[in-house]
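Got a structure for you, written out below as structure tokens; questions coming shortly.
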Amino acid sequence: MPTVYQLKSRFQDLLRPLCKWLAASGVTANQVTLAALGLSVLEGCALWLFPGAVLPLILLPVVLFVRMGLNAIDGMLAREHDQKSDLGALLNELGDVLSDAALYLPFALLPFVSGPLVVGLVVLAVIGEMTGVIAVQIGAGRRYDGPLGKSDRAVLFGLGGSLMAFGLTAPLFYQIVFGAGLLLAALTIVNRARSALKELETA
């Protein structure tokens, strides 16, 4: 299924000069991974401490975009500058799910948003990432199938945060948006599992 993740290669091409400069400056992939996690936790704390405040909501899309860039850079540093490590693989996977939880769970505090829908969406997102990793465990490749991968969740919550910042607080609207997200997250789990099994069958 189409997903924002499919744009990753073009995004990496734009970031490659910066990545080369960082590598030459001695910056490591693990440092970039931790920076992305730290940025996410800081923004998540702001959303948690000041629920519904305009500034944290406006900053959310910016933070999500920067995080996406840092995630792309840490991968390029690992692959293209010989920085792959077991620690890096652990930090990368754990950093993604922890960042998602930090950034998205605060939405459950908003009075016009259904808390159970948001929590359910975050839980299914974690299971989806776990499914992608389990694919490797059974001999397939790491699965990034959509329709609601990491980048797609960033678009969903980033757009939601922007709309909230500009005054759209209709409960029904967010029930529909996050309800649809919940269904898409469940479909993502199924797609990743099926794709991994299909990959093994055709190997």
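The values are calculated or read from the model by the stated rules, or taken from the named source; none is laboratory data. Everything quoted here is computed from the prediction, not taken from an experiment. Heads up, the Cβs are rebuilt from the backbone with ideal geometry, glycines too, and the neighbour counts pull from every protein chain shown. The accessibility values were calculated without ligands, DNA or RNA, using every heavy atom of the protein model including side chains. Shrake-Rupley method; radii C 1.70, N 1.55, O 1.52, S 1.80 Å.
Any idea what the relative contact order of the chain is, in percent, if you count C-alpha pairs under 8 Å spaced at least 6 apart?
29
For the chain, what does the helix formula give at 222 nm: sum of -39500 (n - 2.57) over DSSP H segments with n ≥ 4, over the residue count, nearest 500 deg cm²/dmol?
The per-residue figure over the chain is -26500 deg cm²/dmol.
In a GNM of the chain with a 10 Å cut-off on Cα contacts, which of L47, L156, L37 has the highest mean-square fluctuation?
Of L47, L156, L37, the most mobile in the Gaussian network model is L156.
Still on this structure: For the chain, return all DSSP H helices satisfying: extent of Cα atoms along own axis at least 18 Å; mean Kyte-Doolittle hydropathy at least 0.5.
Within the chain the helices that satisfy the rule are 29-49, 54-80, 86-104, 115-137, 150-165, 171-202.
For the chain, what is the number of Lys pairs with C-alpha distance below 23 angstrom, counting only pairs 8 or more positions apart or on separate chains?
Taking the Cα cut-off of 23 Å, the pair count is 6.
Just to be sure I understand: if I project the alpha-carbon convex hull of region 70-190 onto a plane and average over all orientations, what area do I get in nm²?
8.0
For the chain, what is the charge dipole size about the Cα centre, in debye to the nearest 20, if Lys and Arg each add +1 at the Cβ and Asp and Glu each add -1 at the Cβ?
Around 260 debye, computed over the chain.
Whenever you get a sec, compute what percent of the accessible area on the chain sits on carbon and sulfur atoms (1.4 Å probe).
The C+S portion of the solvent-accessible surface of the chain is 72 percent.
State in Å² the accessible area per residue of the chain; use a 1.4 Å probe, count heavy atoms of protein chains only, and round to the nearest integer.
On a per-residue basis, 52 Å².
Report T28's accessible area, 1.4 Å probe, all protein chains in place, as a number in Å² to the nearest 10.
Taking all protein chains as shown, T28 has close to 50 Å².
Just the C-alpha atoms of region 20-118: what Rg/Rh do they give, with Rh taken as the Kirkwood radius?
1.07
A further question on this structure: Quick check on region 14-60: what does the Kirkwood estimate of hydrodynamic radius come out to from the alpha carbon pairs, in Å?
Hydrodynamic radius (Kirkwood, Cα pairs) of region 14-60 is 12.5 Å.
Taking 2.2 N^0.38 Å as the expected size of a compact globular protein, what ratio does the Cα radius of gyration of the chain give against it, to two decimals?
My calculation over the Cα atoms of the chain gives 1.04.
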